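The values are calculated or read from the model by the stated rules, or taken from the named source; none is laboratory data. Being a predicted model, the structure only gives us computed values, none of them experimental. Here the Cβ is made from the backbone with ideal geometry for all residues, glycine too, and neighbour counts use every protein chain on show. The accessibility values were calculated without ligands, DNA or RNA, using every heavy atom of the protein model including side chains. Shrake-Rupley method; radii C 1.70, N 1.55, O 1.52, S 1.80 Å.
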Amino acid sequence: PFKEVFRKNVVFVYGTTGTSEENQWAFVKARFDAETFWYRGNGAIEVIPDHSFDPELFTDRNVVIYGHAESNSAWNALLTDSPIQVSRDVIRMGDKTLANQDIGCLFVRPRSNTESCLIGVVTGTNVIGMRSTDRLPYFVSGVSYPDLFVITPEVLVRGSDAVIVTGFFGLDWSLESGQFAWNLP
């Protein structure tokens, strides 16, 4: 599940190639998460901009990406083969596409060329969707998120009715062999 990404000397990579609002959100969210982890778990997490991320320098480490494919240049180095693709105003999940909606998303993928490293993604289709992930308490003990968690901003008001999809990838990390609960608008 998503929380496993915070093991293995994780590094947070925030996006700098989006709009000024997207870049500001990514930086502030990554820094906030690192400070929360420091306070709650007494651990230090390295926070770097996407243009400083080199996969060769961060081998055998988990990575958390903040932003979408257009706002975080590390996306192309790490997530081109992911069945979940998030860009400005569009999220593609296998054969399903959701466009022109405010969508927030958490997901985890295996990191290629490693045996046990993961990539976590905190993203959204726009700044409104990205901000909907701000209140997700993934550092709180007892709170767990699956491999994929996609929400609308109304999640704080409507609860589970605002969850678009949630579930787990299959053992081969595919959508097709996974188990997901869909609540498409």
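For a straight C-alpha distance cut-off of 19 angstrom, the lysines reachable from Lys29 (same-chain residues fewer than eight places away being disregarded) are Lys3. When shorter helices are ignored and each DSSP H run of at least 4 residues is given -39500 (n - 2.57), the per-residue value for the chain at 222 nm works out to -5500 deg cm²/dmol.
Accessible surface of Ile128, taken over heavy atoms with a 1.4 Å probe and every protein chain present, rounds to 90 Å². Sorting the segments 86-94, 36-44 by their residues' average number of neighbouring beta-carbon atoms within 10 angstrom, most packed first, yields 86-94, 36-44. From the alpha carbon centroid of the stretch 142-185 to that of the stretch 10-86 is 21 Å. Computed with a 1.4 Å probe over protein heavy atoms only, the accessible surface of the stretch 101-153 comes to 36 Å² per residue. The heavy atoms of Arg109 present about 20 square angstrom of accessible area, all protein chains included, probe 1.4 Å.
Per the 1.4 Å probe, what fraction of the accessible area of the chain, in percent, lies on carbon and sulfur atoms? Intermediate values should be presented prior to the final figure.
Working: 4460 of 9080 Å².
After summing per-atom areas, the C and S share lands at 49 percent.
For the chain, the calculated P(r) over all alpha carbon pairs, in 10 Å bins from 0 to the bin holding the longest distance, is 10, 41, 39, 10, 0 percent. Each peptide in 61-70, 12-21 gets a packing score, the mean of other Cβ atoms within 10 Å over its residues, and the list from highest to lowest is 61-70, 12-21.
Only protein heavy atoms count here; on that basis, with a 1.4 Å probe, Lys8 has an accessible area of about 80 Å². Accessible surface comparison of Leu175, Leu106, Leu184, probe 1.4 Å, protein chains only, largest first: the order is Leu184, Leu175, Leu106.
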